[in-house]
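First up is the structure itself, then whatever we jot down about it.
The values are calculated or read from the model by the stated rules, or taken from the named source; none is laboratory data. Because the structure is a prediction, the values reported are computed rather than measured. Cβ coordinates were reconstructed from backbone atoms using ideal geometry, including for glycine residues, and neighbour counts include every protein chain displayed. Areas reflect the complete protein model, heavy atoms only, side chains present, ligands, DNA and RNA absent. Shrake-Rupley method; radii C 1.70, N 1.55, O 1.52, S 1.80 Å.
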Amino acid sequence: MNLRGWVRIAVAVVLAVCLLTIGLPRVFGVSSQDAATAIGGASNVLQAAFVSVADTEKAGVNVSSLLNGLDEAGLALTMAEAASNNGNYSEAVSQAAACETLAEGVEKEAGAMKSGAAGWFSGILSLLVIGASSAIVFIVVLALTWLWFKRYYGRRLSRSRPEVAS
Amino acid sequence: MWSLNKCKLVFYAVGLIGIIACFVPSAIKLADLPPGEPFSELYVLGPGHQAEDYPFNVSAGDSYPIYLGVGNRMGSSMYYGVDVKFRNASEPLPNGTAPSSLPVLYEYRVFLGDGQNWTGNLTFSFSNVVFDGNISCSVGKLQVNGVEFEIDKTVAWNNVSDGFYYQIVVELWQYDQASDRLLYDGIFVSLWLNMTSNA
């Protein structure tokens, strides 16, 4: 075999080695590194979503539905870690992606709920309005009761007979 | 019989109390009263969701379900990490300030509103358990909620308590917004297990 033939064989061997070490895992599977990266990314998105939910709660919004969504996302992340630990890296990446999708949805919803929420001042204002309305109704009822009581008291006083203390 | 003036005074007093009561909610909101002492809870329950019948004598091949619980009394929503670890008697335990340096086997992520509680199932089993007479015991694998972990932990016979003792340790972590990560809360629970032969 001449030199050209040997070069061809060498190139073919190098290409085959490259394909086996780099190409095949990418085509037929997912590496542990990919799974770790996906899990790390999902964890960051989950934390960001929680921060968003906490901010929304501070604005006075009931966030229980958002917390349920975060729980689902957290469960997906736990499943991703479990799959990665078992060597099922494609499942790990898939669960991490599910976690990210859920967490991003929660973050978006939290933002919308926060912008639609009544602020602290309007919360105080509505409480004051409710308090003032209740106070007016109470005073009117009390005044009517007083008028009725005054008449009842007068009637009772005119009916009573004077007695002389011995 | 009371005089009309006395009755008038009673009506005035009732009116004043009623008006004050109407404005109490807005006054509370304005004052923004602080909540009580904030704290978190971590607990472990037996298979019947009660603080009893905890597994103690365990052996390879059997499954042991227990329940973990977390309570949030922090005054706002919290993000908790519940980390499960496994140790032999010579490995480090967590304390009130530092977590155990052992690797996390399984992590629950729990999101709780103020005043809420969470309960999660933790089922574990062992395999590849080898006894060297009454000298030592080696546990090869631990399964937690169906996920298998290679642990390879060996423990010597405990002459004082007569057994091969291992411990499941559960630590509570909580998300810290300032450092943007979960930090150890200083709270942990543990369960002693005596590995026995099922022969």
Residues that are without any contact (Cβ under 8 Å) to a residue 40 or more places away in the chain and either surrounded by 12 or more Cβ atoms within 10 Å (Cβ to Cβ) or among the β-branched types (V, I, T) (or both), drawn from the range B:39-60: B:F39, B:G46, B:P47
Residue in the range A:21-35 that is within 12 Å of chain B (Cβ to nearest Cβ), under 21 Å from B:E107 (Cβ atoms) and in a helix (DSSP H, G or I) present: no
Hits in the range A:38-54 (condition: more than 10 Å from chain B (Cβ to nearest Cβ) and not β-branched (V, I, T)): A:A38, A:G40, A:G41, A:A42, A:S52
Selected residue (only one of B:V155, B:V189, B:V169, B:V139 is part of a strand (DSSP E or B), closer than 14 Å to B:E107 by Cα and in contact (Cβ under 8 Å) with a residue 24 or more places away in the chain): B:V169
Flag for A:V93 being touching a helix residue (DSSP H, G or I) at 6+ places or on another chain (Cβ under 9 Å), of a type in the set (A, V, I, L, M, F, W, C), open to solvent by 30 Å² or more (accessible area, probe 1.4 Å) and outside any helix (DSSP H, G or I): no
Residue match in the range B:16-32 (condition: under 30 Å from B:I187 (Cβ atoms), surrounded by fewer than 13 Cβ atoms within 10 Å (Cβ to Cβ) and out of contact with any Cys (no Cβ under 9 Å at 6 or more places or on another chain)): yes
Check on B:V129, farther than 23 Å from B:Q177 by Cα, of a type in the set (A, V, I, L, M, F, W, C) and assigned by TED's automatic domain parsing to the domain that holds B:D162: yes
The range A:101-127 - residue that is over 20 Å from the mean Cα position of the chain (by Cα) and open to solvent by 70 Å² or more (accessible area, probe 1.4 Å) and, of those, farthest from B:F11 (Cα to Cα): A:W120
Sole exception among (1) surrounded by 16 or more Cβ atoms within 10 Å (Cβ to Cβ); (2) under 27 Å from A:N62 (Cα atoms); (3) not acidic (D, E) for B:G36, by number: (1)
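Residues are listed down the side, and each one gets a yes or a no for (1) touching a Pro at 6+ places or on another chain (Cβ under 7 Å); (2) at pLDDT below 95; (3) open to solvent by less than 40 Å² (accessible area, probe 1.4 Å):
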{"residue": "B:F86", "(1), (2), (3)": "no, no, yes"}
{"residue": "B:S100", "(1), (2), (3)": "yes, no, yes"}
{"residue": "B:L122", "(1), (2), (3)": "no, no, yes"}
{"residue": "B:S125", "(1), (2), (3)": "no, no, yes"}
{"residue": "B:G146", "(1), (2), (3)": "no, yes, no"}
{"residue": "B:Y165", "(1), (2), (3)": "no, no, yes"}
{"residue": "B:I168", "(1), (2), (3)": "no, no, yes"}
{"residue": "B:W173", "(1), (2), (3)": "no, no, no"}
Residue match in the range B:106-119 (condition: of a type outside the set (K, R), open to solvent by less than 40 Å² (accessible area, probe 1.4 Å), touching a residue at least 24 places away in the same chain (Cβ under 8 Å) and more than 13 Å from every other protein chain (Cβ to nearest Cβ)): no
Complete set of residues in the range B:61-84 that are open to solvent by less than 20 Å² (accessible area, probe 1.4 Å) and among the charged types (D, E, K, R): B:D83
